[in-house]
Structures are given as structure tokens and as C-alpha cells.
Amino acid sequence: MDTKLKKIQVQAQEQGIDLETLPHHLAIIMDGNGRWAKKKGWQRLLGHREGYKALRGALLNASDLGIKYLTVYAFSAENWRRPSEEVEGLMSLIEKATREELRIMHTNNVRLNFSGRIEELPAGLRDALETGMEMTANNTGIVFTLAVNYGGRAEIVDAVKDLIAAEFDPEDITEELISAHLYNPHQPDPDLMIRTAGEMRWSNFLLFQGAYCELWVTQDPWPEFSKQHLLAAVKEFQRRTRKFGAVV
Ligand code: IPE
Ligand code: IPE
Ligand code: MG
């Protein structure tokens, strides 16, 4: 058994992490690309490009560690408020990254998934995401969800619209029913949410699903996110006592 362990799993065990009780679903708010670039005197888009490299590492590390679901916030429903040059740059970067990484994701048994209002995205990006999801649909490894044009409030609004359209009786509305009408109804709720670059806020990410999610924030910006950050977050997660409102 031990011979099959990946390098990061051995390192995790050496740091006192129990591989049996990893967070099942990890969510990441990848923040601080702009500040990272600005500090270097570079344009914000160069920060996003470095952020993409950090994401490639985070996905493979999370997969090797044994995490089953990884959901990352790549572009919020509110990020359209940014200058058009940055918005367009981000849209083409996400498209390019999705196409470029497809082979390596497929080889690593990653299943690509999406969360957000896909119909509002540029056609090229939509096509890249749909092609990727189709190609990896039967993969059985980590489920990697890219949240693009995602807003937690918008997701709840869309679920409510679905329920009304399906003419549900108010008596039948339950938390489980709402949950079943979110963008990814078959995914477990996130257990751990990492935010980089120090802000202590949620920024409209996974509002419904994240109700009892453990938060871990690092001051370091997303382009600097490394294996050590991931292991530190998981280690801290395993130190927490989750109570879900009860007395334990
Ligand atoms: C996160 O980095 C990436 C996106 C929101 C798309 P930011 O672009 O928010 O970087 P800061 O917060 O301005 O440093
Ligand atoms: C959250 O970061 C969205 C993403 C990481 C994609 P923001 O940079 O948009 O969040 P605020 O504006 O600081 O709350
Ligand atoms: Mg930001």
C-alpha cells in the first residue's frame, strides 16, 4: 500500500496529516493576482497568467493528495465590473488554459466540470469548456469545477426560478430540494475553503453550499500558492472541530 503513495501523500503524512480524513471537497478563492503583479510593476493580466500556472500545480497536488472535489473561483458574476480590457483578457486566458490543460487533465483522470451562467460567456470559452467536459466525462479521478461567471446569489435565484417553473408546492420546498436545483446538485458541500491574499470575506462564493465550510486564509497572493500552502490548510482543517450547530 505504502509503495503506491504519491510523493505529496508521503509529505503530508510526515507533516502529521491523516490521509483518511482529508476534506472531501475543497473550494478555493484564488485572489491577489492583480496586487501580485502590481508589486512587481507589471500589468494585472500578467498576474492572472501566473495565477493560471499556480492553478495547474494546485489541481495536480490536490488530485495526488487524494481530494475528490476541487472547485475554484476563476471569475465572479461581479467581475464584469472590471475594465473591459481585463475582462476580455481573463476570458481568453481561461479559454486558452482550458484548451492547453485538457490533455494533461485527461491523462490524470481529472473530470472537468463547470459552475456559473455558462450561456453568458463568449462562444469560444463556452466551446472550450463544453469540449473539455465531454472529453473527461467518464474520468473517475478528482472532479475539478471551474466557477466562471459564478455568483452565489445568482445560483440561488436560478434555483428558485427552476422550482417555480416546475410548479412545486410551497409545502414541498426543503433545503434538500433547493440543493438539488443548484448548478452542481450531485456534489457534496465544500468542507474547506481556502482564500489567498488575506481578505476575510466570501465574495459571493458557494453561499448555500458553504454554510458550514471551514475557512482558511493566507496572506500570500494566489500566484505564490504552493504545495506547502495546501498542506498547511489541510493540516489546520484536521485540527478544527466541526459542530454543525450541535454540542460536541
Ligand atoms: C483574483 O485576483 C482573480 C480574479 C478575481 C479574476 P484579483 O484580480 O482579484 O487580484 P487583486 O485582488 O486585485 O489583487
Ligand atoms: C473573488 O475575488 C472572485 C474571484 C477570485 C474570481 P474578488 O477580487 O473579485 O473579490 P472582492 O472584490 O475583493 O470581494
Ligand atoms: Mg481580488
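We did not get these values from a lab; they are worked out from the coordinates using the rules stated. As the structure is a prediction and not an experimental result, all values here were calculated from the model. All Cβ positions, even for glycine, are placed from backbone atoms using ideal geometry, and neighbour counts span all protein chains on display.
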Legend entry - Residue-by-residue Karplus 3J(HN,Hα) for the stretch 232-247, coefficients 6.51, -1.76, 1.60, Hz, glycine and proline x: 5, 5, 5, 4, 5, 4, 6, 7, 6, 10, 8, 10, 6, x, 8, 9
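Can you figure out the FRET efficiency of Ser179 with Arg81, using R₀ = 30 Å and their beta-carbon distance, to the nearest 0.05? If you can, show how the numbers build up before the last one.
On the way: r = 29 Å, r/R0 = 0.96.
The computed FRET efficiency comes out at 0.55.
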Legend entry - the stretch 1-120: relative contact order in percent, alpha carbon pairs under 8 Å with at least 6 residues between: 27
Inset, instruction - Please name whichever of Gly152, Gly66, Leu163 sits farthest to the positive end of the charge dipole of the chain, dipole taken about the Cα centre and charges placed at Cβ: Lys and Arg +1, Asp and Glu -1. - result: Gly66
Inset, instruction - Would you mind ranking Phe168, Phe114 by Cβ crowding within 10 Å, fewest neighbours first? - result: Phe168, Phe114
Legend entry - Separation of the Tyr212 and Asp18 label points, Cα + 7 Å toward Cβ, nm: 1.8
Inset, instruction - Send over the per residue convex hull volume for the stretch 25-163, Cα only, as a whole number of Å³. - result: 117
Legend entry - Taking the C-alpha atoms of the chain, convex hull volume expressed per residue in Å³: 149
Inset, instruction - Report the label-to-label distance for Lys161 and Ile104 in nanometres (one decimal), using points 7 Å from each Cα along the Cα→Cβ vector. - result: 3.6
Legend entry - Extension gain (nm, one decimal) between Arg201 and Ala123, 0.36 nm per residue minus Cα-Cα: 24.9 nm
Inset, instruction - For Lys235, list the lysines whose Cα falls under 19 Å from its own Cα; do not include residues on the same chain fewer than 8 positions away. - result: Lys6, Lys7, Lys68, Lys227, Lys243
Inset, instruction - Note down the nm distance, to one decimal, between modelled labels 7 Å out along Cα→Cβ at Lys6 and at Glu88. - result: 3.8
Legend entry - Selected from Ala74, Ala180, Ala37 as most flexible by GNM, with the chain as the system and alpha-carbon contacts under 10 Å: Ala180
Legend entry - Karplus (6.51, -1.76, 1.60) ³J(HN,Hα), θ = phi - 60°, over the stretch 198-206, in Hz, Gly and Pro reported as x: x, 5, 9, 9, 9, 6, 6, 9, 6
Legend entry - Nearby lysines by direct alpha-carbon distance to Lys40 (threshold 19 angstrom, same-chain neighbours under 8 apart not counted): Lys53
Inset, instruction - Rank Glu130, Glu119, Glu155 by mean-square fluctuation in a GNM of the chain with C-alpha springs under 10 angstrom and give only the top-ranked residue. - result: Glu119
Legend entry - Label zone at Phe168 (point 7 Å along Cα-to-Cβ), backbone N below 19 Å, the stretch 181-196: 181-190
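Would you calculate, for the chain, the mean residue ellipticity at 222 nm contributed by helices, counting each DSSP H stretch of 4 or more residues as -39,500 (n - 2.57) and dividing by all residues, to the nearest 500?
Working: 8 runs with 107 residues, N = 248.
Taken over the chain, the calculation gives -14000 deg cm²/dmol.
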